[in-house]
Structures are given as C-alpha cells and as structure tokens.
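Worksheet: one structure, shown below.
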Amino acid sequence: MPRILVIDDEKSIRNTLKEVLEYENHEVDLAEDGPSGIELFSNNAYDIVLCDIKMAKMDGIEVLEKILEISPDTPVIMISGHGNIDTAVESIKKGAYDFLEKPLDLNRLLITIRNATDKSRLVTQTKVLKNKVSKMYEIVGQSPAILQVKEMIDRVAPTEARVLITGASGTGKELVAHQIHEKSNRAKGPFVEVNCAAIPSELIESELFGHEKGSFTSAIRQRIGKFEQANGGTLFLDEIGDMSLSAQSKVLRALQENKITRVGSDKDIHVNVRVIAATNKNLLKEIEQNTFREDLYHRLSVILIHVPTLNERLEDIPMLAEHFNTLICNEYGMSKKIITDDAIKELQKIQWRGNVREFRNVLERLIILCKDRITGKDVIAYAHPVSGLKL
C-alpha cells in the first residue's frame, strides 16, 4: 500500500486529500507546514509527497529541495492555487515529479499518483537489479595479486585514462572493466561491450561505428554503432587483439579525434566515450607480426592492468567457493551447500586451465550433483567431466 505525505497549510485541503486518498487505499500522513513535513519525511518512509508551494513558514520549493536531498528518488508532486507557467517550470527544474493547480482535478490527481507510484516501483526494481548485476561482477579474493588489481581499479576508475586489461582467458578481465566503470564518474552512463573475436572482420566496422541504410547489400536500415551507444559512458572492447587492421585504424581515429563516421556516410559524429580494452594475447608480439597497430597499442595502454590466473592465487579459492555457492544456489532456488575443508584442499590441487570461469562451472556441477555437503571425495569424483559421469 503506497504511503503518501501531504504538506499543505490549508486544513480543508489536507483533510480532503486524506479522505480521497484513503478511500483509494493509500496510507496518508499530514503536515501543516514545511518544517513539520520535512521532520515527518526524515523519520518515516514515504512513496510519494504532495506539497503546496505557497506556505507561510517555508516555501514549497525549499521543501522540495530538502526532501530531494534526503531521498532523490521520491516523487514530489507540487500543488498550488497560485499556479503559473513560471512556477511550474521552476518546480520541475528543481526535481518535482509533476505540478498540479488548485482547485485540484481529482481524476488527474489520482492518475498522477498512480504514475508516480509506478515510477517508485520501477526505481526500486532497478536498484535491486543493479545490486544483482553488481554482485555478478564482484571481484572476489584477498590474495596479494588480486588486491593489487583492486588497488589499480580504485586509483584509475575516477580518471578518464584508457585502460588495457591483459590476462589469460577466464581470469575475469570483464569484471575489471565493469568495476572501473562502476567506480568512475561515468557510472550513470551506459556500459557497452563488444566481443571483437565473436564478430566477423567484415562486420566489425558496422558494429563499432554503425552504417547508413543502403551502404551495403544487407543494410536495409540505419544502424547506430557501439561508439554512439556508449556516448557518455564506457565502451569495453573485449579481445581487441582479434580486431582487423582496417577496424583498428578507425578505432585509432576515434580515440584521437573523439569522432566516428558510419559506414556509407561522410558525416563526422562526435562521441564522448571512455574506452577500456582487454586481450588474452601478447600485443607486443602481435605488433612484431604486423597484426596489431603499435600506435593503437600506445593509445589504449595508458594504464595496464594484468589479471592473474587462478593458479597464481589459490589462496582465494575458499572465498571464491563461498561466493559461487551463494550465487549459484540463489539462481537455482536451493539451500546453500556445506563445502568441507577437504573439498577446498582438493579444489586447490587442481590446475585451473580455464581459471575462474572453469572454477565456477565446477562449483555449479558439484552443487547440482551433491546433496547437502560437498566433500573432498566429491571434488575428486566430479571436478572433471569424464569422472563426473560416474554417478
């Protein structure tokens, strides 16, 4: 049931709103002026606030600013008998959800409250989903090697420096890119990922820069490229070592001039994008073999972050096991499994060729195949796919 705070210095208006809103199954609290309304709001949780603009002790615009300082996501609907365009515009600019004039049209009021309630619900759901996503991209571990990576992220994230992330497949380079974005000043902007290895070389330019309708045979409509999609945010170029030389030259231009050109167009489009790249290849060797541009390498590698293999941080396995135990059991709606000490020891004996990605798959297999406890014998039996068939 949505909870609404009504702040108005006219008793008749307060009581009328309370009667109407309670009839619509809303829970309503009343405040006779700005200071008492702010006090109520500070000590209680409200889904929506209705606030008069012209009040004696404190102006409604000032009340709006105070409320949004406390809770920026709470919809505040401003109401006034002295309404004019300037007042409405000012209140919306200050962050009000909507502006209603007295005498109130009750139908419009109820529709506005319903829409504001939907907005509050969406904001809450978005926060929950964002928290889930953040947990998915959490970097787990306290080993010296991984602590060094975390320290680099904290130092680099607030800057605009380009970052090149290196490391073997499955080590978690994507997690590092996500963490840099989340801790940066661009966190509210988009995070756009491009897997350069998964896109055919003849399509990579269209994918990155977009294309105009009719620019090639299958271009039946205009396409917005990843650089434009990431405008104001972060573009993550994963496996950049697999990018074609022709695409590399266009990426270099985009980094140098902060502008791109769609395939089939001669019009420049300015973009504001922070580029983070990652690769499991040795780009210096690729440069020697003339498969990667040296000038692009130097543009991308302002900051270098190397992600260690799992075999280089075996002391993180207990934390990783607990992390994936929680994550996977929640995904399947299962109770968490007990992972015994001998199971951890057996997991630490394994040579993890696929690194954290392989480790997660093994944990998922153990969680599915074992009952309440995962023991060392279970790890020996199920850690490898061939032995895992022996049920």
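I need the full set of residues from segment 58-91 which are assigned to a helix (DSSP H, G or I) and of a type outside the set (D, E, K, R), in order please.
The initial filter retains those residues of segment 58-91 that are assigned to a helix (DSSP H, G or I), namely 60-70, 85-91.
The answer is Gly60, Ile61, Val63, Leu64, Ile67, Leu68, Ile70, Ile85, Thr87, Ala88, Val89, Ser91.
Taking Met55, is it closer than 20 Å to Asp98 by Cα, not in a helix (DSSP H, G or I) and not β-branched (Val, Ile, Thr)? Yes; evaluated as a whole, the condition is true for this residue. If I filter segment 351-363 for residues that are in a strand (DSSP E or B) and either at pLDDT below 95 or β-branched (Val, Ile, Thr) (or both), do I get at least one hit? The answer is no; no qualifying residue exists.
Going through segment 248-299 one residue at a time, which ones are assigned to a loop (DSSP other than H, G, I, E, B) and touching a helix residue (DSSP H, G or I) at 6+ places or on another chain (Cβ under 8 Å)?
Taking segment 248-299 as the starting set, the residues that turn out to be assigned to a loop (DSSP other than H, G, I, E, B) are 258, 262, 264-267, 271-273, 280-282, 289-293.
Of everything in segment 248-299, those that are assigned to a loop (DSSP other than H, G, I, E, B) and touching a helix residue (DSSP H, G or I) at 6+ places or on another chain (Cβ under 8 Å) turn out to be Arg262, Val271, Val273, Asn280, Lys281, Thr291, Phe292, Arg293.
Go through the residues of segment 34-43 one by one and say whether even a single one is of a type in the set (D, E, K, R), loosely packed, with under 15 Cβ neighbours inside 10 Å and either in a loop (DSSP other than H, G, I, E, B) or in contact with a Leu (Cβ under 6 Å, 6 or more places away or on another chain) (or both).
Within segment 34-43 (the criterion being of a type in the set (D, E, K, R), loosely packed, with under 15 Cβ neighbours inside 10 Å and either in a loop (DSSP other than H, G, I, E, B) or in contact with a Leu (Cβ under 6 Å, 6 or more places away or on another chain) (or both)), the answer is no, since none of the residues qualifies.
Apart from one condition, Asp9 fits all of (1) assigned to a strand (DSSP E or B); (2) in contact (Cβ under 8 Å) with a residue 40 or more places away in the chain; (3) among the charged types (D, E, K, R); the exception is (1). Looking at (1) more than 29 Å from Lys285 (Cβ to Cβ); (2) modelled with pLDDT of 95 or more; (3) polar (S, T, N, Q), which is the only condition Ser215 fails? (2) is the only condition that Ser215 fails.
Restricted to segment 254-267, and to residues that are over 26 Å from the mean Cα position of the chain (by Cα) and surrounded by 14 or more Cβ atoms within 10 Å (Cβ to Cβ), which residue is nearest to Ser201 (Cα to Cα)?
Narrowing segment 254-267 to residues over 26 Å from the mean Cα position of the chain (by Cα): 256-257, 261-267.
If we keep only those that are surrounded by 14 or more Cβ atoms within 10 Å (Cβ to Cβ) as well, we get 261-265.
On the way: Thr261: 18, Arg262: 16, Val263: 14, Gly264: 17, Ser265: 19 Å.
Residue satisfying both the conditions and the ranking: Val263.
Can you say whether Leu147 is over 15 Å from the mean Cα position of the chain (by Cα), buried (at least 16 other Cβ atoms within 10 Å of the Cβ), outside the structural domain of Ile85 (by TED's automatic domain parsing) and more than 30 Å from Val63 (Cβ to Cβ), as far as the supplied structure shows?
Answer is no for this residue.
Residues that are within 21 Å of Asn115 (Cβ to Cβ) and surrounded by 16 or more Cβ atoms within 10 Å (Cβ to Cβ) within segment 63-86 comprise Leu64, Ile67, Leu68, Thr74, Pro75, Val76, Ile77, Met78, Ile79, Ser80, Gly83, listed in sequence order. If the condition is being within 20 Å of the chain's Cα centre (by Cα) and of a type in the set (Val, Ile, Thr), then segment 269-286 contributes Val273, Val275, Ile276. Within the option set Val251, Val192, being under 13 Å from the mean Cα position of the chain (by Cα) and among the β-branched types (Val, Ile, Thr) holds for one residue only, Val192.
Among the residues of segment 312-351, those that are touching a Lys or Arg at 6+ places or on another chain (Cβ under 9 Å) and within 23 Å of Asp238 (Cβ to Cβ) comprise Leu320, His323, Phe324, Leu327. Within segment 14-28, being in contact (Cβ under 8 Å) with a residue 24 or more places away in the chain, within 16 Å of Ile79 (Cβ to Cβ) and surrounded by fewer than 19 Cβ atoms within 10 Å (Cβ to Cβ) holds for one residue alone: Val20.
Based on what the data block shows, is Pro158 free of Cβ contacts under 8 Å to residues at least 60 places away in the same chain, under 30 Å from Ser249 (Cβ atoms) and surrounded by fewer than 20 Cβ atoms within 10 Å (Cβ to Cβ)? Against the criterion (free of Cβ contacts under 8 Å to residues at least 60 places away in the same chain, under 30 Å from Ser249 (Cβ atoms) and surrounded by fewer than 20 Cβ atoms within 10 Å (Cβ to Cβ)), Pro158 does not qualify. The residue that is surrounded by the fewest Cβ atoms within 10 Å (Cβ to Cβ), counting only those in segment 87-128 that are closer than 24 Å to Asn25 by Cβ and among the small types (Gly, Ala, Ser), is Ser120.
The values are calculated or read from the model by the stated rules, or taken from the named source; none is laboratory data. As the structure is a computational prediction, the values presented were derived from the model and not from experiment. Here Cβ is always computed from backbone atoms with ideal geometry, including for glycine, and neighbour counts include all displayed protein chains.
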